[in-house]
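The values are calculated or read from the model by the stated rules, or taken from the named source; none is laboratory data. Just so you know, these numbers come straight off a predicted model, no measurement behind them. For neighbour counting, all protein chains shown are included, and Cβ atoms are generated from backbone atoms with ideal geometry for every residue, glycine included.
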Amino acid sequence: MKLKIKERLQSIRLREKGFSVNEIVRRVAVAKSSVSTWVRNVTMSDKARKRLLTKIKLGQVLSAERKRQRTQDLLLRYKEQASTTLPKINDISVERIICALLYWCEGLKSISKGTCFTNSDPKLIKTFLTLLRHSFPLDEKKFRLCIHLHEYHDAEKQIAFWSKVTNIDRGQFIKPYRKPHTGKRIKKDYPGCLSLRYHSNDLAKRLLMTATAFLEKYGPIG
């Protein structure tokens with residue numbers, strides 16, 4: 001009993017100095033539930049309260065950082081596993097199906113308005129274009145590109161960026177579309193949204209019908 005009284009008084013003194021429950025548990029070596037009960041109503045000075053809040057905030061930051069690191073490690077492991085299992089695509093029919101499915105997700109569905117693929121992710125744009133070029137005979141001169149930019153973007157810089165990504169001459173870019181100002185904060189490293197057009201209704205029909213055939217075969221309802 002005397003030992004418990006001693007531990008309780010020690011816990012209260014530490015709490016009065018602004019120590020957290022976990023810090024007290026480590027110093028006094030008693031159950032956390034006991035410490036929580038003992039210090040529940042302890043009054044702290046402003047200095048002690050400031051110390052406690054700093055410790056709690058620091059603990060939350062460290063906990064969040066550890067959680068983020070665990071997530072990143074897990075994502076890296078999954079990516080490495082996926083990389084080792086991905087097959088080499090050397091069949092034009094497979095490339096055409098993947099290209100068509102990408103178009104089904106991000107492309108224009110109206111076959112009377114030509115072929116149009118819009119996205120802001122440079123990797124996705126480049127992947128789609130690579131597959132498109134491998135899968136279909138194209139006339140590179142039929143490409144026209146329009147970038148949707150915010151007012152803080154440098155149009156010439158972004159045209160040069162997307163020209164490099166797509167490997168399409170800057171002369172085939174039309175005047176960028178400036179999005180209305182929304183008052184929101186600037187998105188760091190946001191390259192704008194690219195609308196990639198290819199003047200051919202026939203290509204749009206091929207892409208959409210390839211995707212349709214695949215989805216009807218492998219994704220029937222009922």
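What to note about this one:
- Test: residue in the stretch 43-64 that is closer than 19 Å to residue 7 by Cα and outside any helix (DSSP H, G or I): yes
- From the list 124, 138, 132, 75, the one residue that fits, being out of contact with any Gly (no Cβ under 7 Å at 6 or more places or on another chain), aliphatic (A, V, I, L, M) and not assigned by TED's automatic domain parsing to the domain that holds residue 189, is 75.
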